[in-house]
1. For residues that are away from the ligand (no atom under 16 Å from the Cβ) and open to solvent by less than 70 Å² (accessible area, probe 1.4 Å), scanning just region 187-213, find the one that is nearest to Asp37 (Cα to Cα).
2. Return yes or no: is Ile75 within 16 Å of the ligand (Cβ to nearest atom), of a type outside the set (Gly, Ala, Ser), surrounded by 21 or more Cβ atoms within 10 Å (Cβ to Cβ) and more than 18 Å from the chain's Cα centre (by Cα)?
3. Any idea which of Thr108, Thr138 is of a type in the set (Ser, Thr, Tyr), open to solvent by less than 30 Å² (accessible area, probe 1.4 Å), under 30 Å from Ala276 (Cβ atoms) and touching a residue at least 60 places away in the same chain (Cβ under 8 Å)?
4. Looking only at region 86-102, count every residue that is within 14 Å of the ligand (Cβ to nearest atom) and either open to solvent by less than 10 Å² (accessible area, probe 1.4 Å) or of a type outside the set (S, T, N, Q) (or both) and tell me the total.
5. Suppose we keep only residues that are open to solvent by 20 Å² or more (accessible area, probe 1.4 Å) and under 20 Å from Val233 (Cα atoms) within region 44-66. Which one would you say is farthest from the ligand (Cβ to nearest atom)?
6. Tell me, which residue of region 24-41 that is open to solvent by less than 10 Å² (accessible area, probe 1.4 Å) and either without any contact (Cβ under 8 Å) to a residue 60 or more places away in the chain or over 16 Å from the mean Cα position of the chain (by Cα) (or both) is farthest from the ligand (Cβ to nearest atom)?
7. Looking at Cys184 and the list (1) open to solvent by 10 Å² or more (accessible area, probe 1.4 Å); (2) within 16 Å of the ligand (Cβ to nearest atom); (3) within 22 Å of Gly13 (Cβ to Cβ), which single condition is not satisfied?
Amino acid sequence: MKELKGKVAAVTGAASGLGRAMALAFADEGMHVALADVADLADVRQQAEKRGVRTTAMKLDVSSAEEVEAFAKLIDRELGGTDVICNNAGVATPGAAWEASLGDWQWTLGVNLWGVIHGVRSFVPRLMARDGGHVVNTASVAGIISPPGSSVYNVSKHAVVTLSETLAHDLRERGSRVGVSVLCPAYVPTGISNAERNRPAQYPPGERSPETLARQQMMKKAVASGKLSADDVARAVVQAVKAERFYILTHPRIKGAIGARMEDILQERPPRNPMAL
Ligand SMILES: NC(=O)c1ccc[n+]([C@@H]2O[C@H](COP(=O)([O-])OP(=O)(O)OC[C@H]3O[C@@H](n4cnc5c(N)ncnc54)[C@H](O)[C@@H]3O)[C@@H](O)[C@H]2O)c1
């Protein structure tokens, strides 16, 4: 999509962090923006409107198919349809696979994976009908490598990467001009280390082992000291949409670990720990 001005970008998880920064970066390009989140959107909406674009906003839970579909309908009504959809809302859960509670698995996969599935199911047919536009799915480097201690999160993000790759193949096979990107950042200082603030009571967390608690502290520090800002990542997303680039790898240093994983697979040897490379 070379020309963004006057088009419509929809962003889930727009109240905070990467989603907020993406919404404002698209508004800086002159795009009208549709904002969705479980959290209050008044502030980001006001910031977008200051940029002179039209906005709409909806409080929703991306793990609900009905609510995501209602968001798409709201945009059709209020902004005349969607050109760019960013399926971005996400949460993080620490812990080894056997320690994570059913609540950890259900909540995290509900938001990180089902949220993207619902976004694809509601928005892609609309983009195809307009024969244009772009889908940006937020995964993570944890969707390409498997850092220890975050089994549930890694599963959700690997699923988002393959969902996005397959979506791109299927659209191309059908001759569609709808573009796809998958965003795979490493640590960026946002509210992600405090994702528990959004956990519904019906999905209680598992008991955290000392190892998990220690790793959680380490992750918090790593996220807080991330060198790229949410605004830097958002600018990379805007560039990728314009250039129709599929993989958005904002942290090139991680490519060594990605290469190591690919080599281990091809050589059929045990996976090396990407955090120890
Ligand atoms: N920050 C990082 O280091 C990093 C790295 C890689 C990937 N990511 C991914 O980036 C995305 C955005 O996260 P962030 O880092 O900006 O964190 P953040 O916590 O600042 O923002 C996440 C947003 O999603 C919203 N949200 C949570 N559950 C929701 C639900 N059920 N329905 C709708 N909205 C919901 C939150 O309210 C919040 O506004 C996530 O998918 C995350 O996994 C983040």
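1. Among residues in region 187-213 that are away from the ligand (no atom under 16 Å from the Cβ) and open to solvent by less than 70 Å² (accessible area, probe 1.4 Å), the one nearest to Asp37 (Cα to Cα) is Gly206.
2. Working: within 16 Å of the ligand (Cβ to nearest atom): yes; of a type outside the set (Gly, Ala, Ser): yes; surrounded by 21 or more Cβ atoms within 10 Å (Cβ to Cβ): yes; more than 18 Å from the chain's Cα centre (by Cα): yes.
Yes.
3. Working: Thr108 fails: touching a residue at least 60 places away in the same chain (Cβ under 8 Å).
Selected residue: Thr138, the only one of Thr108, Thr138 that is of a type in the set (Ser, Thr, Tyr), open to solvent by less than 30 Å² (accessible area, probe 1.4 Å), under 30 Å from Ala276 (Cβ atoms) and touching a residue at least 60 places away in the same chain (Cβ under 8 Å).
4. If we filter region 86-102 for residues that are within 14 Å of the ligand (Cβ to nearest atom), which is where we start, we get 86-94.
Next cut, either open to solvent by less than 10 Å² (accessible area, probe 1.4 Å) or of a type outside the set (S, T, N, Q) (or both) only: 86-87, 89-94.
So the answer is 8.
5. We begin by selecting, within region 44-66, every residue open to solvent by 20 Å² or more (accessible area, probe 1.4 Å); these are 45-47, 49-52, 54, 57-59, 61, 63-66.
Remaining after also requiring under 20 Å from Val233 (Cα atoms): 45, 47, 51.
Details: Arg45: 13, Gln47: 14, Arg51: 19 Å.
Ranking the qualifying residues of region 44-66, first place goes to Arg51.
6. If we filter region 24-41 for residues that are open to solvent by less than 10 Å² (accessible area, probe 1.4 Å), which is where we start, we get 26-27, 31, 33-36.
Filter once more, keeping what is either without any contact (Cβ under 8 Å) to a residue 60 or more places away in the chain or over 16 Å from the mean Cα position of the chain (by Cα) (or both): 27, 31, 33-36.
On the way: Ala27: 17, Met31: 19, Val33: 15, Ala34: 13, Leu35: 10, Ala36: 6 Å.
Only one residue tops the list, namely Met31.
7. The single condition Cys184 does not satisfy is (1).
The values are calculated or read from the model by the stated rules, or taken from the named source; none is laboratory data. The shown structure was predicted, so the numbers you read here are calculated from the model rather than taken from an experiment. Here Cβ is always computed from backbone atoms with ideal geometry, including for glycine, and neighbour counts include all displayed protein chains. Ligands, DNA and RNA are excluded from the accessible area calculation, which covers all protein heavy atoms including side chains. Shrake-Rupley method; radii C 1.70, N 1.55, O 1.52, S 1.80 Å.
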